[in-house]
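Read the structure below first, then the notes.
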Amino acid sequence: MGLGSTAKKIQKVADMAEKLYVKLNELREQMVAIRDSLEATDERVQQLEVENAEQRALIEALASEQGIDVESVLADVEPPEPVDEEGEADESAEATT
């Protein structure tokens with residue numbers, strides 16, 4: 001085996017390593033973006049949960065003031081249909097119930 005073919009093989013491995021390095025950097029950047037998005041989403045969800053709890057307390061207070069039994073009203077509420085990833089009602093879950 002000559003030095004020429006060895007140099008070609010080494011160059012080929014170096015090229016592959018460079019491509020792999022670029023891909024790893026892209027993946028790292030994507031992971032950072034996903035982490036940032038996840039943190040922002042978590043903050044929004046926490047804020048919405050607090051707002052929801054506040055609104056529920058206000059509604060329950062108003063209902064109590066009006067003499068409405070909140071527990072009996074909630075007992076009559078049917079749970080929402082499951083929604084698939086496209087935002088459409090999941091008919092398979094409906095068929096199993």
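The values are calculated or read from the model by the stated rules, or taken from the named source; none is laboratory data. Given the structure is predicted, the values throughout are model-derived calculations rather than measurements. When we count neighbours, we look across all protein chains shown, and the Cβ atoms used for this are built from the backbone with ideal geometry, even at glycine. Surface areas here come from the heavy atoms of the whole protein model, side chains and all, with no ligands, DNA or RNA. Shrake-Rupley method; radii C 1.70, N 1.55, O 1.52, S 1.80 Å.
Computed quantities for the displayed model
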read-out	value
Cβ pairs under 8 Å, 6+ apart, first in the range 60-71 and of a type in the set (S, T, Y), second assigned to a helix (DSSP H, G or I)	S64/V70
Matching option when the condition is in a helix (DSSP H, G or I), modelled with pLDDT of 95 or more and more than 31 Å from the chain's Cα centre (by Cα), among A33, A40, A17, A7	A17
L74 being of a type in the set (A, V, I, L, M) and open to solvent by 80 Å² or more (accessible area, probe 1.4 Å)	no
